[in-house]
Protein chains: 2
Amino acid sequence: MLKDIIENNQNYQPGLSIDCVIFGFHDNQLKVLLIKIPHQNTWSLPGGFIPIDQDIDTAAVTVLNERTGVEGVFLRQFATFGKVKRNDQHFGKEVLEYLKIEEEKGKWLMQRFVTIGYYALVDFLKTIPKSADKDQVIEWIDHKEVPELILDHKEILDKALDTLRTELNLMPVGYNLLPEKFTIPELQKLYETILDRKLDRRNFLRKITNIGILTKLDEKKSNVAHKAPNLYSFDKDKYEEVLKNGLTQGW
Amino acid sequence: MLKDIIENNQNYQPGLSIDCVIFGFHDNQLKVLLIKIPHQNTWSLPGGFIPIDQDIDTAAVTVLNERTGVEGVFLRQFATFGKVKRNDQHFGKEVLEYLKIEEEKGKWLMQRFVTIGYYALVDFLKTIPKSADKDQVIEWIDHKEVPELILDHKEILDKALDTLRTELNLMPVGYNLLPEKFTIPELQKLYETILDRKLDRRNFLRKITNIGILTKLDEKKSNVAHKAPNLYSFDKDKYEEVLKNGLTQGW
DNA sequence: GTACATTGCGTCATAATAACACATTAAGCG
DNA sequence: CGCTTAATGTGTTATTATGACGCAATGTAC
């Protein structure tokens, strides 16, 4: 795959790549989709290159689809990373050796790559991580237990989370991360996990319902310890409207 | 200049450029620094290319300094633009003809360029627009009267203003755009111009002073019609602190 | 049934916001 | 000089949003 790209690099935008920070929510954990580098203890963000005949946003959608199979999810460009030393020679050489590509043909990969960061919000349960090849491991990992990442991918991930945190004040979040039916406590846990702090249960309910994007269902969650919480769903129309116009206040 | 770059394009990041939206404030107008394309009726944003041995942020600072001479101003990356058709063949050919560069040498310019957008906030009075060469016109233009721009530069400008508007809710603005001493009505006009709506004078005063970044000076503005307004300055330390930690509420 | 953890609904004090009233100041002008 | 005019400076009030908390209801475990 990568070998094909390197050997046909004239079909790809030179010196430019895309990296995706794909967020999912499960078991009260904010998870990130990471790829294990074969035969090493480091991981990387799912990324890809940009065909010269594709818009960068389209290329980002492609990367996301290849890895998650999900479509029509929330995907947003958040920053572009271009330090001179962000991809060092050492790393490039290792890749070329691993792929058994001779130095001359692999020259393309050795230049400085600028990478455009996108973050995505996807429904954990509908997403089945897909490996590009058999000895590649791709896995959901709790964002609090992210292992060592290659290059500046940790910086990219941190920036993505930072952006998500800020945007939580400007837009509603949840439609993409939660299943269709969910409880208020679940939604609150999502907010708490992203913001990394506790919120008052009662104030949260008031604030989130006042936005007017929730529909209370005539149904309770089953098989739970203690009192069964009510189920809610998002009112898609109103949700989209608020997404477009923005919230007014912060959390 | 551009000719040098094209002819020595191996020293520059391929297919990648930087465009700067430089904002200034004067006469109650939000102004943008634009460059006139010689012998045409279109204008462009000041931009540049990225030396392969420079971080993209450094290259952006260079572009800004070359055009304004000012240093240490507010400069922030806001988005990256990469539609396939954003720089069309037609435009590239015109540039090459104008610069009298033969097609083979100019091939580098004809590929799709992805551009990284930065916006800057500078003190209008301290900034003297600098042309790169004698028949180039560079000028401050009211953002409400921006003429036709090349390529997707209008889209870039719009996105920059949009970003500034959003960030007004998250950070203080003014330190970079106003002279050292200024009046509250001037600061209010700046906010009103950016937001494109009227704000209540009295509520604005209360809100802006409550942030705690202003120092009331024992001095009034002179030579003004009607009642002379008091002068204020920013408390740099507190300003920086709020800039780092962010505001809490919106306007 | 009882203990317990969690949900659902409500209260209250305080802070932030929006809308507005009135006094103050300086320039322009007869 | 005194009056008008158009700004600025300061305060008031009603409404809304926020933060902190009380208490009853519900379903599980024992």
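So the values come out like this:
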item: Per DSSP, loop GluC sites (Glu not before Pro) in the range B:80-127 with at most 13 further Cβ within 10 Å; result: B:Glu102
item: At most 16 other Cβ within 10 Å, DSSP loop - trypsin sites (Lys or Arg not before Pro), the range A:170-246; result: A:Lys181, A:Arg197, A:Lys198, A:Lys221, A:Lys227
item: Those residues of the range B:9-52 whose amide nitrogen sits under 16 Å from the label point placed on B:Tyr98, 7 Å along Cα→Cβ; result: B:34-49
item: Residues of the range B:126-153 with amide N under 16 Å of the 7 Å Cα→Cβ point at B:His26; result: B:126-131, B:137-146
item: The range B:2-167, relative contact order in percent, only Cα pairs under 8 angstrom and at least six apart counted; result: 36 percent
item: Formal net charge of residues neighbouring B:Leu187 (Cβ-Cβ distance under 12 Å; K, R +1; D, E -1); result: +2
item: Nearest 10 degrees, 0 to 90: helix A:236-245 Cα axis against chain A principal axis; result: 70 degrees
item: Accessible surface buried upon B-A contact (total; probe 1.4 Å; Å², nearest 100); result: 1700 Å²
item: In the range A:165-251, GluC sites (Glu not before Pro) in a DSSP loop with at most 14 other beta-carbon atoms within 10 Å; result: A:Glu180
item: Centroid-to-centroid separation of the range B:184-251 and the range B:26-53 [C-alpha atoms, Å]; result: 29 Å
item: Alpha carbon Rg of the range A:2-167, scaled by the compact-globule rule 2.2 N^0.38 Å; result: 1.00
item: Computed [θ] at 222 nm, deg cm²/dmol, chain A (DSSP H ≥ 4; -39,500 (n - 2.57); rounded to nearest 500); result: -10500 deg cm²/dmol
item: Cα-projected label distance for B:Arg197 with B:Ala225, points at 7 Å along beta-carbon direction, nm; result: 2.9 nm
item: When each of A:Lys100/B:Lys85; A:Lys31/B:Lys238; A:Lys207/B:Lys31; A:Lys159/A:Lys189; B:Lys3/B:Lys83; A:Lys244/B:Lys144 is checked by Cα-Cα distance, pairs over 27 Å; result: A:Lys100/B:Lys85; A:Lys31/B:Lys238; A:Lys207/B:Lys31
item: For A:Ile211, net neighbour charge (Lys/Arg +1, Asp/Glu -1) across residues whose Cβ lies under 12 Å away; result: +1
item: Cβ-based net charge around A:Ala60, under 12 Å, with every Lys or Arg adding one and every Asp or Glu removing one; result: -2
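The values are calculated or read from the model by the stated rules, or taken from the named source; none is laboratory data. What you are looking at is a predicted structure, and each value in this text was computed from that prediction instead of being measured. Please note: Cβ atoms are built from the backbone with ideal geometry, for glycine as well, and neighbour counts cover all protein chains shown. The accessibility values were calculated without ligands, DNA or RNA, using every heavy atom of the protein model including side chains. Shrake-Rupley method; radii C 1.70, N 1.55, O 1.52, S 1.80 Å.
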